[in-house]
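In what follows, a structure is listed as structure tokens, so that the remarks can point back to it.
What follows draws every value from the coordinates through simple rules; no lab data is involved. Owing to the predicted nature of the structure, the values given are computational and were not obtained by experimental measurement. Please note: Cβ atoms are built from the backbone with ideal geometry, for glycine as well, and neighbour counts cover all protein chains shown.
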């Protein structure tokens, strides 16, 4: 069968996305590469894997379902093989694939990647930005070496998990909101106001459960997948929002129309983690990247990434 593992991964990604165009965006490759992979796979299978539906993506065929099921098993085995390659343990690959929780892309990830290149030398970095579900998918299929995210929702493999720091939830308000003059706010203060929701899988669930101690939840005035749009919408008067990470000194600062206030209520903070696919057998470059992330947040300090009350600030690295 003249079909490479990379082409198998392309076909599996099209099946997962239901769209060739979406797969090109996720995989950061050209449409022609994906079409070529599908053609080789269909030739090897002797049957169509996808039916094309104009303007509606692709529909996988029964034969395609069987192909993808076998292909995922192959990719898993290939990933296990790659982990055992001795040379990987002592060298730095020419290409490193890193994933991050989507909002991190505009908050701090570029500065960390700059430090990675400065430390490990010139390389190509492929950055995957997505929600929690996508991060789990990319890790489980071996599409990325590691991911920076919150440990929320579906658990990551504990052997491949490095805890960096805790990041408490806080309120983001328009400067014109009467609550903006307070030192801190409570969830009961917020519950009667309209809310701008960062509507990402698992993240939205976590944000809304903060209000479960009350009799009712706030009314959602606007839902968005974008951290930047949350900031703009709050500034424009759509309501308050709840976020965790504040912009670092390396990212775009909040507009003058916004304020961030700690929540006076006691909640379990999210934990910022680095999740990797190597478990206890981490290669040198993964260990180096984890150390860079740890140093970055230590140097930044709690006030550089979190908004919380003074008495809680000191314990954010107790993970």
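Helix 31-45 versus the longest principal axis of the chain: what is the Cα-based angle in degrees, 0 to 90, to the nearest 10?
Result, in degrees: 50.
Once fully extended, how much extra length lies between residue 182 and residue 216, figured as 0.36 nm per residue of separation less the alpha-carbon to alpha-carbon distance?
In short, 9.9 nm is gained.
If a/c stays under 1.5 just call it rounded; otherwise compare a/b with b/c (prolate if a/b is bigger, oblate if not). Do that for region 118-176, with a ≥ b ≥ c from the square roots of the Cα gyration tensor eigenvalues.
On the way: a/c = 1.94, a/b = 1.44, b/c = 1.34.
Prolate is the answer for region 118-176, as a/c is 1.5 or above and a/b outweighs b/c.
Taking the simple approach of a point 7 Å from Cα along Cα-to-Cβ for both residue 229 and residue 118, what is their distance in nm?
3.4
Calculated FRET efficiency, residue 51 and residue 140, Cβ-Cβ r, R0 35 Å, to nearest 0.05?
My answer for the efficiency is 0.85.
Give me the percent relative contact order of region 5-84, please, defined on Cα pairs under 8 angstrom at least 6 residues apart.
That works out to 32 percent.
How high is the relative contact order of region 120-232, in percent, with contacts defined as C-alpha pairs under 8 Å that are six or more residues apart?
Working: 81 pairs, mean separation 28.4, N = 113.
That works out to 25 percent.
Sum -39500 (n - 2.57) across every DSSP H segment of at least 4 residues in the chain, then divide by the residue count to get the 222 nm mean residue ellipticity, nearest 500.
It comes out at -12000 deg cm²/dmol, rounded to the nearest 500.
Rounded to the nearest 5, what % of DSSP beta bridges with both residues in the chain are antiparallel?
Around 60 percent of the beta bridges assigned by DSSP in the chain are antiparallel ones.
Using alpha carbon centroids, what distance separates region 223-272 and region 95-141, in Å?
Their Cα centres are 22 Å away from one another.
Please give, to one decimal in nm, the separation of the simple spin-label points placed at residue 161 and residue 74, each 7 Å out from Cα toward the Cβ.
Those two pseudo-labels are separated by 3.3 nm.
Report relative contact order for the chain in percent, whole number only (criteria: Cα-Cα under 8 Å, sequence separation at least 6).
21
How far is it, in nm, from the label point at residue 266 to the one at residue 154 when both lie 7 Å from their Cα along the line to the Cβ?
With each label placed 7 Å out from Cα toward Cβ, I get 3.3 nm.
Please report 30, 106 as a ranked list, fewest other C-beta atoms within 10 angstrom at the top and most at the bottom. Intermediate results must be reported in sequence, preceding the final value.
Working: 30 10, 106 16.
Result, fewest neighbours first: 30, 106.
Between residue 253 and residue 298, 0.36 nm times their residue separation minus their Cα-Cα distance comes to what? Before the final figure, lay out the partial values.
Details: separation 45, 0.36 × 45 = 16.20 nm, distance 2.02 nm.
Roughly 14.2 nm would be gained on extension.
Would you mind putting 226-238, 61-73 in packing order, based on average other-beta-carbon counts within 10 Å, highest first?
Peptide ranking by packing, descending: 226-238, 61-73.
Specify the residue with the greatest mean-square fluctuation among 182, 134, 59, computed from a Gaussian network of the chain linking alpha-carbon atoms under 10 Å apart.
For the chain, modelled as a Gaussian network with Cα springs under 10 Å, the answer is 182.
Just to be sure I understand: with springs between alpha-carbon atoms less than 10 Å apart, which residue in 103, 122, 178 has the highest mean-square fluctuation in the Gaussian network model of the chain?
178
Let's test the formula: R0 of 45 Å, r as the Cβ-Cβ distance of residue 313 and residue 61. What FRET efficiency results, to the nearest 0.05? Numbers along the way, then the final one.
Details: r = 56 Å, r/R0 = 1.25.
Taking R0 as 45 Å, the efficiency between residue 313 and residue 61 is 0.20.
Let me know the shape class of region 208-249, please: from the alpha-carbon gyration tensor, a ≥ b ≥ c as square roots of the eigenvalues, rounded when a/c is under 1.5, otherwise prolate if a/b is greater than b/c, or oblate.
oblate
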